[in-house]
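Worksheet for the structure shown next.
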Amino acid sequence: MKSCGKQLLQSGMPIAGARTMLRANQADGFDCPGCAWGDPEHGSSFEFCENGVKAVAWEATEKRATPAFFAERTVSQLRRLSDYELELNGRLTHPMRYDAISDRYLPVAWEDAFAEIGSILKGLDNPDRAEFYTSGRASNEAAFLYQLFVRVYGTNNFPDCSNMCHEASGIAMRQAVGVGKGTVLLEDFEEADAIFVIGQNPGTNHPRMLGDLRRAALRGARIVVFNPIRERGLERFSDPQDKIEMLRGASTDIASHYLQPQLGGDMAAVRGMAKAVLAAEDAAVAAGLPPVLDHAFLVEHCAGFAEYRAAVEATNWADIEDQSGLSREEIERAADVYIAAERVICTWAMGVTQHLHSVATIREIANFMFLRGNIGRPGAGLCPVRGHSNVQGDRTVGINEQPSDDFLDALETHFRFTVPRQHGHNVLGAIGAMLDGSAEAFIGLGGNFARATPDSALVEKALRRLKLAVHIATKPNHSHLMPGETAFILPCLGRTEMDLNAAGNSQLVSVEDSMSMVHGSAGINRPASPHLLSEVAIIAGIAQATVGSSVVDWAVLAEDYDRIRDHIEATIPGFEHYNARLRKPRGFHLRNAAAHRDWQTSTGKASFSSQALPEQTVHQRARKGEGRFALQTFRSHDQYNTTVYGLDDRYRGVYGERQVIFIHPEDLKAMNAEAGDRVDVVGEHDDGIERVARDFRFVPYDIPRGSIAGYYPELNVLVPLGSAGEESDTPTSKSIMVSFRRRHAA
Ligand SMILES: Nc1nc2c(c(=O)[nH]1)N[C@H]1C(S)=C(S)[C@@H](COP(=O)(O)OP(=O)(O)OC[C@H]3O[C@@H](n4cnc5c(=O)[nH]c(N)nc54)[C@H](O)[C@@H]3O)O[C@H]1N2
Ligand SMILES: Nc1nc2c(c(=O)[nH]1)N[C@H]1C(S)=C(S)[C@@H](COP(=O)(O)OP(=O)(O)OC[C@H]3O[C@@H](n4cnc5c(=O)[nH]c(N)nc54)[C@H](O)[C@@H]3O)O[C@H]1N2
Ligand SMILES: [Mo]
C-alpha cells in the first residue's frame, strides 16, 4: 500500500491517479496496461495490484516531454541519460522529427510526418526492405489495422516482442496440442489440486495471479515451484484484498514445494518427474493397485506414448540430477504431488522460454501433463502466462511473420488484394537485415526495440544505418535516440485516455488475456496533450500516405473502430458478433480447441515428443570453464520491461541501484570476493566479440552455485545476437555465459 502511494505521488497526480486506478479492469473502464493475467468473473470487485498501480500511474503522469524539452538538449546529450531518467520526463506531447544538422528533435505537423514517411516507404526498392515491429500493448484494433496496412504495402516483416517472449510456448504447444495458447480459464485455478509454477515470478510480474495461488493454497491445493531463485512472493503472500491479513501483517504460505534447479535445467527436472510417475505406475501394476496413468486418455487421445516411455527409460537419473541440479529425492517428492492430484495446472513464463532448449522443455511439460490426462478437463491444463497485456491478442489478429495460409486466404478474399505469401523477419531476422543493409526502414508500434533486444551495441549500429525510423510511443526512450537519416517520434494516446472520434464519441478497443478472454477497454483520462492521436489514427495516417485508399478506406475505419472489428470478424475465426459480445461485462472467450480435446495437430492427437535431454545446458558449459557462470537476466519489482519505475527491488532486498549481480555466497568465497565488491561482467560467447557490462556489485543470494542473475535491460549488452532458442529463435536471455573482471580502485 505504501509503495502504491509513493508511485501515485511520483506520478504527480495522486487524485486523478486514484480515480484512474478505480477504473482499471472494470466492466466500463480500461484494461490494465500491466500484465496479461485474467480478470475475475465479478469484474466489479476491483482487484488491487501494486504493479498495476505503477503501470497506470506511469502513464497517467502529469510530467511532459514537450518540444521545449527536446529543444534544450541534443540527441547525443539525451543518450547519456539512463532508461529511468529518460522516461521520467513524462509523456510525449507533439509529433517530432529528427533534424540531423542541429542533432535535435523538432516539432512537425502530423500531415507532414505522414507524407514524408509515406514517400520514403514508397521509394524503397521493395517492401521487404522495411521492418514493422509491434510491442504487445497495442489493441486488437490497432494491431489488425497495422498488419493490414503492412500486407497491403507488401511484406510479412513483423518482428514482434513475442519473438523475445513466449514464442517457444506457441511453437511447442501447437506441436503438442494444436493450439499455441493456454488451455485453462481463471476458474480452473479454483478447482486444481496441484499447480506447478515453473520459471515465473508472479509476485512481481503477475501480482494478481498470486491472489489466485493464495486462494488455491488456502483451500489445500499444493503449489510446486521450480525457480533457481527463492522469490519471496512465491513463498509467502499477504493479500491486499484481505483487510485482516493486511492489518495483522500476516501472510499465507504459497509454495508447498520449492525446488531450485540450475538455469536451463527444467527439461531434466520434468523428465525426472515423468520417470517417477512411470515408476509409480509400474509399482501399482505389480501390486495390483489402480493405475497411476490415465490409460483411457493415453489410448484415445495421444500419439507417441510408447516412444516417449522409451525415451524416459533411456534417460538416467545421474544425468537428470546433474543437468537439473536437483536431487532424485526432491524430484520424486514433486512427482508425488502430481500423482496425488486429480487435477493439475502447469504455468510457466520467461524462466522456461528464454533458453536454448525452450521448445523441447515445453514439449516435455506437455508430455508430463498427458501422463495423467491433465488437459481438457476442469481444473487441469497448460498455462503459459503471457507478458504484455495484449501480446496474445496481437498474434490472434495477424501480427505474425509466419502467417498461416488460411489467414492470408481470408484477407485476400475479404479485401481483394494480392497478399504477400513469403514469410517475413522476426526480431533477430530484422536486426540481421538492418545490419547488412537489406532493411532500410523501421516502424515501431510501441516498445523499445533498441533496449529490449540483445547485443545493444550492435542493435544501435543497425538502427543508425536506417533511412527511416518511426516510433509510435507514449514516452521517450532510447530507441528514439538512435536516429539514422530520418526519424520520427509519433506520440499516441495511452490505454487510460479517452479516445474520441470526430463526432465526439468515445472509441472502444479490445484486448485478449492469457486465458483467451477478449474484453473491451475505454480510457477515462483526458489525453496527455491535445496533439496526440490514437494508435489507430496514426496507422491510418501512415497507411493513407503510403498505399492510398484503393484497397481500404483507412480514414473511414479510424473513425469508428466497430468497423475494424467487423473486418476482424469477417477474417478471423472465433469473433462472431464481435461488437455485441465485446460490450458484455467480461467480454467473451475465444474457443480453444485443445481445451475441448479437439487436437488440431499433425497426428490429430495430443502428441508426445521423445527427445533426449539437451546435450549440455548453459550451467553445464559454464562449469567446465574456470571462473565462468551461467547468467540469467530478469525483472526487478520496480520496472516494466525497459521502463524503469524506480531503483528498488523490495522483495529481493535491493535498494537504490540496479547494477547488481545475485550470486551464491560460496561462489563469492571461492573467488576471494565479498558482498559489495564491484566487477565488470564479461560475455564469454565464443564469437570474438567483446561484450562487457561495467561496474556491477555482488549481492549474495539464495541461488544455486554457478548460476547468477541480474537485471534486464542493463545486461542486454551481454546477450549475444548469435545465440537463439532452437526452433523459437528467441534470444537466450536466461542462458548467458559470463566471467568477471575485478575493478581496481582508482
Ligand atoms: N511489473 C511487471 N509486470 C510485468 C513485466 C514487467 O517487466 N514488470 N513484464 C511483462 C512481460 S512482457 C512478461 S514476458 C512477463 C515476465 O514474467 P516472468 O517470466 O516472471 O519474468 P522474469 O522477471 O524474466 O522472471 C523469470 C523468472 O524465472 C526464473 N528463472 C530464470 N531462469 C530459469 C530457469 O532456467 N528455470 C526456472 N525454473 N526458472 C528460471 C527467474 O528466477 C525469475 O523468477 O511479465 C509481464 N508483467
Ligand atoms: N535480457 C532480456 N531481454 C529481454 C527480456 C528479458 O527477460 N531479458 N524480455 C523480453 C520480453 S519478454 C519482452 S516482451 C520484450 C519487451 O520489449 P518491448 O515491448 O519492445 O519493450 P517495453 O519496455 O515494454 O516498451 C516500452 C515502451 O513502450 C512505449 N509505450 C508504452 N505504452 C504504450 C502505448 O500504449 N502505446 C505505444 N505505442 N507505446 C507505448 C513507451 O514509449 C515505452 O518506452 O523485451 C525482451 N527482452
Ligand atoms: Mo514479454
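The values are calculated or read from the model by the stated rules, or taken from the named source; none is laboratory data. Predicted, not measured: the structure shown is a model, and the values here were computed from it. Note that each Cβ is placed from the backbone with ideal geometry, even for glycine, and that neighbours are counted across all protein chains shown.
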Legend entry - Residue list for region 327-355, filter: touching a residue at least 60 places away in the same chain (Cβ under 8 Å), in a loop (DSSP other than H, G, I, E, B), surrounded by fewer than 23 Cβ atoms within 10 Å (Cβ to Cβ) and not charged (D, E, K, R): ALA341
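Identify, from the list PRO704, PRO700, the residue that is modelled with pLDDT of 95 or more, more than 16 Å from LYS734 (Cβ to Cβ) and surrounded by 14 or more Cβ atoms within 10 Å (Cβ to Cβ).
Details: PRO704 fails: more than 16 Å from LYS734 (Cβ to Cβ).
Testing whether each residue is modelled with pLDDT of 95 or more, more than 16 Å from LYS734 (Cβ to Cβ) and surrounded by 14 or more Cβ atoms within 10 Å (Cβ to Cβ) leaves just PRO700.
Quick one: which of LEU481, LEU468, LEU500 is buried (at least 19 other Cβ atoms within 10 Å of the Cβ), touching a Ser or Thr at 6+ places or on another chain (Cβ under 8 Å) and hydrophobic (A, V, I, L, M, F, W, C)? Break it down stepwise before answering.
On the way: LEU481 fails: touching a Ser or Thr at 6+ places or on another chain (Cβ under 8 Å); LEU500 fails: buried (at least 19 other Cβ atoms within 10 Å of the Cβ).
The conditions single out LEU468.
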Inset, instruction - Restrict the check to region 124-134 and report whether at least one residue is in contact with an Asp or Glu (Cβ under 9 Å, 6 or more places away or on another chain), touching a residue at least 12 places away in the same chain (Cβ under 8 Å) and part of a loop (DSSP other than H, G, I, E, B). - result: yes
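Would you list the strands (runs of 3 or more DSSP E) that sit entirely within region 365-481 and hold 2 or more residues that are within 16 Å of ligand 1 (Cβ to nearest atom)? Outline the logic, then answer.
Details: elements: 381-384, 441-445, 468-473.
The strands (runs of 3 or more DSSP E) meeting that bar are 381-384, 441-445.
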Inset, instruction - Output the residues belonging to region 689-746 that are within 19 Å of the chain's Cα centre (by Cα) and either more than 16 Å from ligand 2 (Cβ to nearest atom) or more than 18 Å from HIS357 (Cβ to Cβ) (or both). - result: ALA709, GLY710, TYR711, TYR712, PRO713, GLU714, LEU715, ASN716, LEU721, GLU726, GLU727
Inset, instruction - Report, by residue number, each residue of region 575-619 that is over 30 Å from ASP562 (Cα atoms), of a type in the set (S, T, N, Q) and over 27 Å from the mean Cα position of the chain (by Cα). - result: SER602, THR603, SER610
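Going by what's in this entry, would ASN157 be described as of a type in the set (S, T, N, Q), in contact with a strand residue (DSSP E or B) (Cβ under 9 Å, 6 or more places away or on another chain), over 30 Å from SER529 (Cβ atoms) and not in a helix (DSSP H, G or I)? Walk me through how you get there before you give the answer.
On the way: of a type in the set (S, T, N, Q): yes; in contact with a strand residue (DSSP E or B) (Cβ under 9 Å, 6 or more places away or on another chain): yes; over 30 Å from SER529 (Cβ atoms): yes; not in a helix (DSSP H, G or I): yes.
In short, yes.
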Inset, instruction - Kindly indicate the residue of region 613-633 that is crowded, with 23+ Cβ neighbours inside 10 Å, not in a loop (DSSP other than H, G, I, E, B) and not β-branched (Val, Ile, Thr) and also nearest to ligand 1 (Cβ to nearest atom) among those meeting that condition. - result: GLN632
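From the residues in region 184-232 that are of a type in the set (D, E, K, R) and within 20 Å of ILE375 (Cα to Cα), which one is nearest to ligand 3 (Cβ to nearest atom)? Let's see the steps before the verdict.
Our first condition is that a residue be of a type in the set (D, E, K, R); within region 184-232, this holds for 187-188, 190-191, 193, 208, 212, 214-215, 219, 222, 230-232.
With the extra rule that they be within 20 Å of ILE375 (Cα to Cα), the set shrinks to 187-188, 190-191, 193, 212, 222.
Values: GLU187: 25, ASP188: 23, GLU190: 26, GLU191: 28, ASP193: 29, ASP212: 20, ARG222: 28 Å.
The extreme case among them is ASP212.
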Inset, instruction - Might you let me know whether region 163-180 holds any residue that is in a helix (DSSP H, G or I), within 15 Å of ligand 3 (Cβ to nearest atom), in contact with a strand residue (DSSP E or B) (Cβ under 8 Å, 6 or more places away or on another chain) and of a type in the set (S, T, N, Q)? - result: yes
Inset, instruction - Have a look at ASP667, ASP680 and point out the one that is more than 13 Å from ligand 1 (Cβ to nearest atom), in contact (Cβ under 8 Å) with a residue 60 or more places away in the chain and closer than 14 Å to PHE629 by Cα. - result: ASP680
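Has region 231-248 got any residue that is assigned to a strand (DSSP E or B), under 30 Å from TYR712 (Cα atoms) and free of Cβ contacts under 8 Å to residues at least 40 places away in the same chain? So that I can check it myself, show each step before the final result.
Here is the first cut: in region 231-248, the residues assigned to a strand (DSSP E or B) are 236-237.
From what's left, under 30 Å from TYR712 (Cα atoms): 236-237.
Then drop every residue that is not free of Cβ contacts under 8 Å to residues at least 40 places away in the same chain, which leaves 236-237.
Checking region 231-248: at least one residue is assigned to a strand (DSSP E or B), under 30 Å from TYR712 (Cα atoms) and free of Cβ contacts under 8 Å to residues at least 40 places away in the same chain.
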Legend entry - Any chance PRO491 is farther than 22 Å from PRO720 by Cβ and either within 25 Å of the chain's Cα centre (by Cα) or surrounded by 24 or more Cβ atoms within 10 Å (Cβ to Cβ) (or both): yes
Legend entry - Any hit, region 142-152, residues being within 16 Å of ligand 3 (Cβ to nearest atom) and surrounded by 24 or more Cβ atoms within 10 Å (Cβ to Cβ): yes
Inset, instruction - Residues being buried (at least 17 other Cβ atoms within 10 Å of the Cβ), assigned to a loop (DSSP other than H, G, I, E, B) and not basic (Lys, Arg): count how many of those fall in region 571-599. - result: 6
